[in-house]
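K.L.:
Below you will find the structure I want to go over with you.
Since every read-out is calculated from the coordinates, none of them should be taken as a lab result. Given the structure is predicted, the values throughout are model-derived calculations rather than measurements. No Cβ is skipped: glycine too gets one built from the backbone with ideal geometry, and neighbour counts run over all protein chains shown.
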Ligand SMILES: [Zn+2]
């Protein structure tokens, strides 16, 4: 898809299956099962739709999926894809890891950051995008590295620290332009430092909302993930963002949607948000 100077591609960073209960928080199963039918283990299918953005000056990657390092047991539990799904998707577009100069993490949960490292021949975790500057929101970095006991299991430090130790990790502030035409915004909600990313060019905007609204089945204003650390912030922030998306005709790049890669957003007769002009995920 073209957005002014940007060529934007939604890339497969790996399909997986997550418990339906945690994907819909306090919403009863009898309601969410109609929009996201669960399997016999009560799981729903999710994708990691990463974004490759190229404008001739920069080659940017938004989020990296879960990568290829998880042990067999974890892979089976989440029904993760074999190999390194994101690297295969990049290769299909003729892009090698060393072509990437900028990696941006919406936040540092495993399904967003673990795809940035792989094992070397001595089973050490090493950065895959070794020539890229890697960006994360300052608050997210503080929470991931702060060692608060209640957050300890949320962040895969064994995958995050090799990026830092290689000197690749940089923190950004709310509203910062990371490269020309790519701006970040701290949304909070999902995590305290969670960021949405905005591509802006030629008077148009394409938004990557991350996990504040991970898929088109999460468009209902009050629905949010049980994973959200600050649920009330999600409930406040998500409708604000979706209102702007509808009013300003943003394109939305859906992070965890297994069916829809890109759409616009509109309000229906009941003032709930719906996806329109959808582009199916390949
Ligand atoms: Zn996620």
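K.L.:
What is the extension gain from residue 35 to residue 88, computed as 0.36 nm multiplied by their sequence separation minus the C-alpha to C-alpha distance, in nm to one decimal?
P.N.:
Roughly 16.1 nm would be gained on extension.
K.L.:
Kindly provide log₁₀ I(q)/I(0) values, in the same order as q = 0.14, 0.17 Å⁻¹, from the Debye equation applied to equal alpha-carbon scatterers of the stretch 200-276.
P.N.:
Normalising to I(0) and taking log10 leaves -0.41, -0.60.
K.L.:
Given a Förster distance of 45 Å, report the FRET efficiency between residue 227 and residue 2 from their Cβ-Cβ distance, rounded to the nearest 0.05.
P.N.:
In this case the efficiency is close to 0.85.
K.L.:
For the stretch 1-109, just say rounded, prolate or oblate: build the C-alpha gyration tensor, square-root its eigenvalues into a ≥ b ≥ c, call rounded for a/c under 1.5, and beyond that prolate if a/b exceeds b/c, oblate if not.
P.N.:
prolate
K.L.:
Now a separate question. Roughly speaking, what is the stretch gain from residue 173 to residue 259, that is 0.36 nm per residue apart minus the C-alpha to C-alpha distance, in nm to one decimal?
P.N.:
27.7 nm
K.L.:
Can I ask one more? Expressed as a whole number of Å, what is the distance separating the alpha-carbon centroids of the stretch 137-209 and the stretch 231-280?
P.N.:
21 Å
K.L.:
Full-extension gain between residue 98 and residue 249, please, as 0.36 nm times their residue separation minus the C-alpha to C-alpha distance.
P.N.:
Working it through step by step, the gained length comes to 50.9 nm.
K.L.:
Turning to a different aspect of this structure: Suppose only helical runs count, i.e. DSSP H with n ≥ 4. What mean residue ellipticity at 222 nm does that imply for the chain under -39500 (n - 2.57) per run, divided by all residues and rounded to the nearest 500 deg cm²/dmol?
P.N.:
Computed mean residue ellipticity for the chain: -6000 deg cm²/dmol.
K.L.:
Right, here's the next one. With a/c under 1.5 counting as rounded, go ahead and sort the chain into rounded, prolate or oblate using the C-alpha gyration tensor (a ≥ b ≥ c being the square roots of the eigenvalues; past the cut-off, prolate if a/b is larger than b/c, else oblate).
P.N.:
rounded
K.L.:
Note down the nm distance, to one decimal, between modelled labels 7 Å out along Cα→Cβ at residue 131 and at residue 166.
P.N.:
Placing both labels 7 Å beyond Cα along the Cβ direction yields 1.3 nm.
K.L.:
Rounded, prolate or oblate: pick one for the stretch 157-217, where a ≥ b ≥ c are the square roots of the eigenvalues of its C-alpha gyration tensor, a/c under 1.5 means rounded, and failing that, prolate if a/b is larger than b/c, else oblate.
P.N.:
Because a/c hits 1.5 or more and a/b fails to exceed b/c, the stretch 157-217 counts as oblate.
K.L.:
If each of residue 71 and residue 151 carries a label point 7 Å out from its Cα toward its Cβ, how far apart are those two points in nm?
P.N.:
Computed distance between label sites residue 71 and residue 151 equals 2.7 nm.
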